[in-house]
Amino acid sequence: MTTNDCLFCKIIAGEIPSTKVYEDETTYAFKDINPKAKVHVLIVPRTHYANVAELAKADPAELAHIVEVAQSIADKEFHGDYRLIFNTGLDAGQTVFHVHAHVLTGEQLDE
Ligand code: AMP
Ligand code: ZN
């Protein structure tokens, strides 16, 4: 998939609406349209990488930054606890091939 037909590239560009939670020069965070917890946020790098392994290789500082953003969302929305998920590959449930961290927080989560 090229960045031209990537759903999350379009969301980052503002071509598809989203509910912004956080943004900075490199990173955008928005509410998941189908929340699996009281607070379910997706954090994405503005640059297109297909998955977390590609991101880790190309820009490890951005991956660390995404963890920082997740922590700050959980600090604000809850008492700092959260679940961070990167579905990687079709058989792991990845449906959008622009790397995104799912941040689940805002309530006690099932084990
Ligand atoms: P994954 O299955 O890990 O690739 O996650 C993709 C996520 O994107 C799912 O949790 C969807 O609910 C979410 N999603 C799909 N389309 C949108 C959209 N337009 N705005 C916000 N979240 C979306
Ligand atoms: Zn993309």
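222 nm [θ] for the chain, helices only, -39500 (n - 2.57) per DSSP H run of 4+, per residue, to 500?
The per-residue figure over the chain is -8500 deg cm²/dmol.
How large is the charge dipole for the chain, taken about the Cα centre, if only the Cβ atoms of Lys, Arg (+1) and Asp, Glu (-1) carry charge, to the nearest 20 debye? Before the final figure, lay out each step's value.
On the way: 9 positive and 17 negative charges, 45 e Å.
Dipole about the Cα centre, nearest 20: 220 debye.
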*Expressed in nm to one decimal, what extension gain is obtained for the pair Asp59 and Ser72 from 0.36 nm per residue of sequence separation less their Cα-Cα distance?*
2.6 nm
_Within the stretch 76-108: backbone nitrogen closer than 16 Å to the Thr47 label point (7 Å, Cα to C-beta)_ = 98-100
*Average Cα contact separation per residue, the stretch 1-81, under 8 Å, 6 or more apart, as relative contact order %*: 18 percent
_Most positive-pole-ward Cα, Ala64, Ile16, Ala37, against dipole of the chain from beta carbon charges_ = Ile16
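Step through the table entries Lys10/Lys31; Lys10/Lys38; Lys38/Lys76; Lys20/Lys76, compare each Cα-Cα distance with 19 Å, and write down the pairs that go over it.
On the way: Lys10/Lys31 15 Å; Lys10/Lys38 25 Å; Lys38/Lys76 13 Å; Lys20/Lys76 15 Å.
Correct reply: Lys10/Lys38.
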_Could you tell me the center-to-center distance, by alpha carbons, between the stretch 70-111 and the stretch 1-22 in angstrom?_
18 Å
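Between beta-carbons, use under 15 Å as the cut-off and find the net charge around His48, counting Lys and Arg +1, Asp and Glu -1.
Values: positive: Lys10, Arg46, Lys57; negative: Asp5, Glu15, Glu54, Asp59, Glu62.
It works out to a net charge of -2.
Taking square-rooted eigenvalues a ≥ b ≥ c of the alpha carbon gyration tensor, is the stretch 33-111 rounded, prolate or oblate, where a/c under 1.5 means rounded and, failing that, a/b exceeding b/c means prolate?
Judged from the Cα gyration tensor, the stretch 33-111 comes out oblate (a/c at least 1.5, b/c at or above a/b).
Read-outs: derived from the displayed coordinates by stated rules, not from any lab. Please read these numbers as outputs of a predicted model, since none were measured by experiment. Cβ coordinates were reconstructed from backbone atoms using ideal geometry, including for glycine residues, and neighbour counts include every protein chain displayed.
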